[in-house]
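J.: Have a look at this one before I ask anything.
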Amino acid sequence: MPTFLHAADVHLDSPLRGLETYEGAPTDALREATRRAFENLVDLAIEREVAFLVLAGDLYDGDWKDYRTGLFFNAQMSRLRAASIPVYAVAGNHDAASQITKHLRVHDNVHFFATKKAETFVLEDVGAALHGRGYATRAVRKDLSATYPERVPGLLNVGILHTSVDGREGHEPYAPCSVAGLRSRGYEYWALGHVHAREELSRDPWILFPGNLQGRHAKETGPKGATLVEYSGDEVVGVEEVVLDVFRWARLTVDAGDAKSPNDVLETARELVTRALEEAERPLAVRIEIVGASLAHAELVQDPERWRHELRSLATDCGEAWIEKVKIRTTSRTDREALRARDDAIGSLVRVLDDLDADPDAAASFSKELDDLRKKLPPRALEGSTVPPSGDAQALHEALLEAKELLLARLIEGGAA
């Protein structure tokens, strides 16, 4: 039975963000990751002798003016051409902003759908009809799917669309549509792009996002790849997720509740990183969050940079793993309610910081309270502290989360509590 490959959001030559400043991080490998993942896609297409390859938008990564990106793409298309594999692609929002998309001539086995109106490619030899429309501009606010052609009887009908589908958190609401609207077209398969996490929206008919080929930062965790679709006549008979990424991102939570010292926290982190590496079976970038009410809290928050460096060293000892960021979110085992009830600088500090923690938007208005507290607190309590610009509420809230526990730990250690 024939098969085809569905991929999206390749973002060729997009930089992997978060590790480039860390000594020992594989910056060259990171820079090449999207290319290597795309090569894996082409390898798979040739190995499985697919009838065609679908690219559902965002092949490129915005307005890249380096034509080497396009030349690399053409080299891969030459490989598919030699294997008699055609490629059908729609332009996504990033492609619409790309100079490469507008000016680079592609091989004759590569077909981009029109951007002014939806069109259909009928592939009689493999029993499929492909319907699609690309983006003419970066921001498309109307439902493109409503203009797609009627299904072609007797063939497998595949709709190709770069869309948010009812809206997806973290993604612009481009080409908005609904699952019900897609179903109404009568197609057997909808090959979607734009959302970077794999997601099956329907199995009757099949409507899915394959996710991107390669995670690019700490919000794009887990396996990444494409979808292999097997069909018979006008029926989809098999859908397989295929992992193609060459470098993976993970977010690990270290529970410090039972730790008596930071060394115990490090050992727990070592176990988690080792397990994550074994599961990934490829190089790994890790974001670590340390949580819990812990006896190790005071030491962790009083010298956070030391422990961040310790964790980075530990990760490289585990294998090909690098720490992208460490967030220390532990708390002490001190009775916080008792501290809040105190009628002194300690109580005032706890109440103000707890209130700001609960309401990040209020952080921008606490300048006067902070100035008052500075006059009451011992000089050492604020030693080395910095306050972000008052206009950046999010950054101020992040700083408060860390400063809150650091200040209390210093005061308690000094006997003030």
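J.: Restricting to region 273-301, name every residue that is crowded, with 18+ Cβ neighbours inside 10 Å and part of a helix (DSSP H, G or I).
T.: Once the filter is applied, which keeps residues that are crowded, with 18+ Cβ neighbours inside 10 Å and part of a helix (DSSP H, G or I), region 273-301 yields 273, 276, 277, 280, 297, 298, 299, 300, 301.
J.: Looking at region 119-139, which of its residues are of a type in the set (Gly, Ala, Ser), buried (at least 17 other Cβ atoms within 10 Å of the Cβ) and modelled with pLDDT under 95?
T.: 134
J.: Among the candidates 54, 50, 42, single out the residue that is under 21 Å from residue 224 (Cα atoms) and either surrounded by fewer than 16 Cβ atoms within 10 Å (Cβ to Cβ) or touching a Ser or Thr at 6+ places or on another chain (Cβ under 7 Å) (or both).
T.: Numbers: 54 fails: either surrounded by fewer than 16 Cβ atoms within 10 Å (Cβ to Cβ) or touching a Ser or Thr at 6+ places or on another chain (Cβ under 7 Å) (or both); 42 fails: either surrounded by fewer than 16 Cβ atoms within 10 Å (Cβ to Cβ) or touching a Ser or Thr at 6+ places or on another chain (Cβ under 7 Å) (or both).
Being under 21 Å from residue 224 (Cα atoms) and either surrounded by fewer than 16 Cβ atoms within 10 Å (Cβ to Cβ) or touching a Ser or Thr at 6+ places or on another chain (Cβ under 7 Å) (or both) holds for just one of 54, 50, 42, which is 50.
J.: Follow-up question, since we're still on this one. I'd like to know if region 229-245 contains one or more residues that are among the polar types (S, T, N, Q), closer than 25 Å to residue 205 by Cβ and in contact (Cβ under 8 Å) with a residue 12 or more places away in the chain. Walk me through it before giving the result.
T.: Taking region 229-245 and keeping what is among the polar types (S, T, N, Q), we get 232.
Filter again for closer than 25 Å to residue 205 by Cβ, leaving 232.
Narrowing further to those that are in contact (Cβ under 8 Å) with a residue 12 or more places away in the chain: 232.
Taking every residue of region 229-245 in turn, at least one turns out to be among the polar types (S, T, N, Q), closer than 25 Å to residue 205 by Cβ and in contact (Cβ under 8 Å) with a residue 12 or more places away in the chain.
J.: Another one. Collect the residues in region 245-272 that are in a strand (DSSP E or B), under 29 Å from residue 44 (Cα atoms) and among the charged types (D, E, K, R), keeping them in residue-number order. It would help to see each step written out before you state the result.
T.: Let us first name the residues in region 245-272 that are in a strand (DSSP E or B), namely 248-255.
So of that shortlist, the ones also under 29 Å from residue 44 (Cα atoms) come out as 248-251.
Within region 245-272, 248, 251 qualify.
J.: Further, regarding this structure: Mind telling me which of the residues 336, 312 ends up being more than 30 Å from residue 248 (Cβ to Cβ) and either crowded, with 16+ Cβ neighbours inside 10 Å or modelled with pLDDT under 65 (or both)?
T.: Numbers: 312 fails: more than 30 Å from residue 248 (Cβ to Cβ).
Selected residue: 336, the only one of 336, 312 that is more than 30 Å from residue 248 (Cβ to Cβ) and either crowded, with 16+ Cβ neighbours inside 10 Å or modelled with pLDDT under 65 (or both).
J.: Looking at region 197-249 only, could you name the residues that are buried (at least 16 other Cβ atoms within 10 Å of the Cβ) and of a type in the set (Lys, Arg)?
T.: The answer is 198, 216, 224, 248.
The values are calculated or read from the model by the stated rules, or taken from the named source; none is laboratory data. The shown structure was predicted, so the numbers you read here are calculated from the model rather than taken from an experiment. Here the Cβ is made from the backbone with ideal geometry for all residues, glycine too, and neighbour counts use every protein chain on show.
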